[in-house]
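Notes for the one structure printed next.
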Amino acid sequence: MAAPSGVDFGRILREAVLAAAVAAILGLPLLGLRLVSGTKGLQVDQRWDWLVIGVLAVFFGRMALAFLRGAKPAFAKAGEGAGVVGQFVRQQQRPLGVAALGFALILPFMPFSDRYVVDVTTLVLIYVMLGWGLNIVVGLAGLLDLGYVAFYAVGAYSFALLGTTFDWSFWVCLPIAGLCAAMFGVLLGYPVLRLRGDYLAIVTLGFGEIIRLVLTNWVEFSGGPNGIPGIPRPEFFGLEFSRNPESGQSFHEFFGLSFSGDHRIIFLYFIILALALITNLFVLRIRRLPVGRAWEALREDEIACRSLGINPVNTKLSAFALGAMFGGFAGSFFATRSGFISPESFTFIESAIILSIVVLGGMGSQIGVVLAAIAIIVVPEVLREFSEFRMLAFGGAMVLIMVWRPRGLLAHRVPTIRLGAKGGDP
Amino acid sequence: MLSVEGLHTFYGPIEALRGVDLSVASGEIVTLIGANGAGKSTLLMTICGTPRAARGRISFEGNDISQLPTYQIIRRGIAQSPEGRRIFPRMTVMENLQMGAVTADEDHFDEDLERILSIFPILGERRDQRGGTLSGGEQQMLAIGRALMSRPRLLLLDEPSLGLAPLYVKQIFDVIREINERDGMTILLVEQNAYHALRLAHRGYVMANGKIVLVGTGSELLANEEVQNAYLEGGH
C-alpha cells in the first residue's frame, strides 16, 4: 500500500478530500453567500467562484502539507530551526536578557525611533509586564486564569478614580492600585481554591466578566460606558509634562529644553520599562524562595505538597494576589498613559491575548514571554496594511507555532538554585 | 508515640475503616499488612488528615490530631512517603529534596542533605536530573529521602516496594532498617510484601475489611498459620 518513498498517496488523497469537504461546508455561508444592500434593501449575493477557489486551495494546501509531513525534510527542518533558536535563547539567557535590556534603554533615542515606534514598544512592554504577572499564576502555580484582565481593570480604575476624585498623583496611587488588585486577587482566589483546571478557568472567566459588567453598569461609581476622562498624567519628580503647567515648573522649563510632546511619550516608556523590570526581577527572585518553589510543586502535585506540610490555601492565594498586584500596576500605568479609560478596554479578548502570550512563550519562561509579546503585539501592527487579512495571518502564525513548538517557544523549565546555598548563580 | 482508637473513615457512604485500634511506640517499626482494599492506605491517609476521620481518636505524642488540617499534622513531626511516590516529575532531585525541607529549619538543611545523600548515594549522582526521569526504584528513594528532609519523628511509608525490581526492594528495606537502627526513627510501614515487611518489623498488624484482625510481633505473625495461608502463600 505504501509507496517506496514512504508516502501513502491514498491516505493523503482521502485527507485532502475530507479537508476540502469541510472547507466547502464552512465556505458555503462564509464565502459563497454575501449580504449586499441593494435597491430593495438587503439582498443575498452569490459568489460561487470564491467558494470554488477556496475549496481548491484547501484541497491542494492539505495535500502539500501532507506531502511535506510525509517526506518530512522541509517541514521538520523548519520546526528544528525554531527549536535551535529556542535552545540558543535558553543557553544564552543572561547575555540575551542584558542585550535586550540595553536595546530597550537606548531605543527611544535611536534615529529611527519616532513617536509611533516608542508607542508600540510601550504597548509591547505593557503586555510583557502583564504576561510576567500572569506567569506567576498560570506558569508557576499552574492555575489557569482566564479573567486576568479583571485585575488590570481594577488597577486602572483604582488609579483613575483616586486620581480624578482626590487629585492624587500617579506615584501615590500606583502602590494603592496594586494593593487593590491584590485584594481582588484574594477575593477571587478564596472561593475557587478547590477548583482546578477547566472549572477554575470557567470561574475566573466569569469573574473577569463580572468586573467589566459592574464597571459598565454602575454609572455613579465608574462613569459606566462613558468611562473616566481626564486621568492625571505622571510627573517627573513633581515636574509636569505640559507646555503651560498649572502649578510649578514643567519638565522642559526645568531642563532648559524646548517643549516637545515626545518627552512625555519617552518618559512613559521608561516608566513601563522600569515597572516591567521590577516585575521580572521579583519573579526571578521569588522562584528561588520557598514560596516560589511551593507554587511550582503545587502545579506538579497538590497531594504531595500537602503531605510535605505545605498549606495549599496560602500558597495559592499568594500566587493569585501577587499575579493580580502586577496586573494592577500595569492597569494604573495604562490609565495614566491613555488619560481615559472605559470598560471597553477590559474585555475578554485582553485576557485571551495575555494568556496566549504566556502559553506561546512557554509556561514559566520569562524571555519566552517577551518574544511572544513582541510576536503578538508587533506582528498585527506590522500587518496593519493588510488589515483584512491580518487576523488570518495571525491565526496562521499561531497554528505554525503550535505545530512546531507545541509547548511554547521556550518550553523549558530552568531549575532553581536554593537561595543561600553554596555554588553559583545559574 | 502514635495511637489510634476506634477510628472510622468513610468514602461517601462506604465505610473504609470500621473501628481501627493501633499504636506505634517510639523507636519501633510497625507494619500493616493486608489484602488490596483492606484499608491500609486509608488508615495512613486518615492519620494525615485526608480523608478526615468520622469517629475515633488519633493522638500523636499525646495530642489529638484528628481535627487538624493535613499541613499542620505534618508540621508536628510526621512525614509521609505517599502511595505511588508522588515525587515532582518536572523538578530536579535537588528541588524535590528542598521541597521536603519546607517545614524544617533552614539551618539543618546542609546537614540533612548530606545525611540523605549518604543513605541514598544515587540521589547525589542524580541531583540535577528531573525527578520524572528517574527509575521507579530511584523515585522511591527520592520519595523517602524527601520525607526524611523534614526531620520527622514518625515516618509513614505507603508501599515503598510497589512495582520495584527485587534488587531495589531489598535495598529499600535495608534502608528502612538502617534509619530505624541508626537514627532511632519510628516507622509505620504499609506493605503488600508481607514476608519482607514482617521480617523487618518489630510488630505487625493484619488488616481485613477495614478492621485489624491480628496483632503480634513480626516473627509471631510470620509463624502464624492464617497469615502464612493468606499473605505468604506462593513464596515471597
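Okay, here's what the table says:
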item: Antiparallel DSSP beta bridges within the protein assembly as shown, percent to nearest 5; result: 60 percent
item: Solvent-accessible heavy-atom area per residue, rounded to whole Å², over the protein assembly as shown at 1.4 Å; result: 47 Å²
item: Helical mean residue ellipticity (222 nm; -39500 (n - 2.57) per DSSP H run of 4+; nearest 500) of chain A; result: -22000 deg cm²/dmol
item: Estimated FRET transfer efficiency when R0 is 22 angstrom, pair A:ARG194-A:ALA274 (beta carbons, to 0.05); result: 0.05
item: Pair B:ARG127, B:TYR195: separation of 7 Å Cα→Cβ label points (nm); result: 3.8 nm
item: Charge sum, other residues only, whose C-beta stays under 14 Å from B:ILE176's C-beta, Lys/Arg counted +1 and Asp/Glu -1; result: -4
item: Semi-axes of the equivalent ellipsoid for the protein assembly as shown, Cα gyration tensor, largest first, Å; result: 55, 34, 25
item: Estimated [θ] at 222 nm from DSSP helical runs (n ≥ 4, -39500 (n - 2.57)) normalised by residues in chain B, nearest 500; result: -10500 deg cm²/dmol
item: Average Cα contact separation per residue, chain A, under 8 Å, 6 or more apart, as relative contact order %; result: 23 percent
item: Equivalent ellipsoid semi-axes, the range A:258-376, via Cα gyration tensor eigenvalues times 5, rooted, Å; result: 33, 16, 14
item: Reciprocal mean inverse distance between Cα atoms of chain B - Kirkwood radius, Å; result: 18.0 Å
item: For the range B:60-104, residues shielded by at least 30 square angstrom of accessible area compared with the chain on its own, probe 1.4 Å; result: B:THR70, B:TYR71, B:ILE74, B:GLN80, B:ARG86, B:PHE88, B:ARG90, B:MET91, B:GLU95, B:GLN98, B:MET99, B:VAL102
item: Spacing of the two label points (7 Å from each Cα toward its C-beta) at A:VAL17 and A:VAL313, in nm; result: 6.2 nm
item: Accessible carbon and sulfur surface of the range A:90-404 relative to its total accessible area, %, 1.4 Å; result: 69 percent
item: Buried solvent-accessible surface, both chains (B, A), 1.4 Å probe, Å² to nearest 100; result: 2300 Å²
item: Candidates A:ASN311, A:ASN280, A:ASN244: whichever shows maximal mean-square fluctuation once chain A is modelled as a Gaussian network with Cα springs under 10 Å; result: A:ASN244
item: Over the range A:90-404 - Rg/Rh using Cα atoms and the Kirkwood inverse-distance radius; result: 0.98
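The values are calculated or read from the model by the stated rules, or taken from the named source; none is laboratory data. Please read these numbers as outputs of a predicted model, since none were measured by experiment. All Cβ positions, even for glycine, are placed from backbone atoms using ideal geometry, and neighbour counts span all protein chains on display. Note: accessible area is taken over every heavy atom of the protein model, side chains too, but ligands, DNA and RNA are not part of it. Shrake-Rupley method; radii C 1.70, N 1.55, O 1.52, S 1.80 Å.
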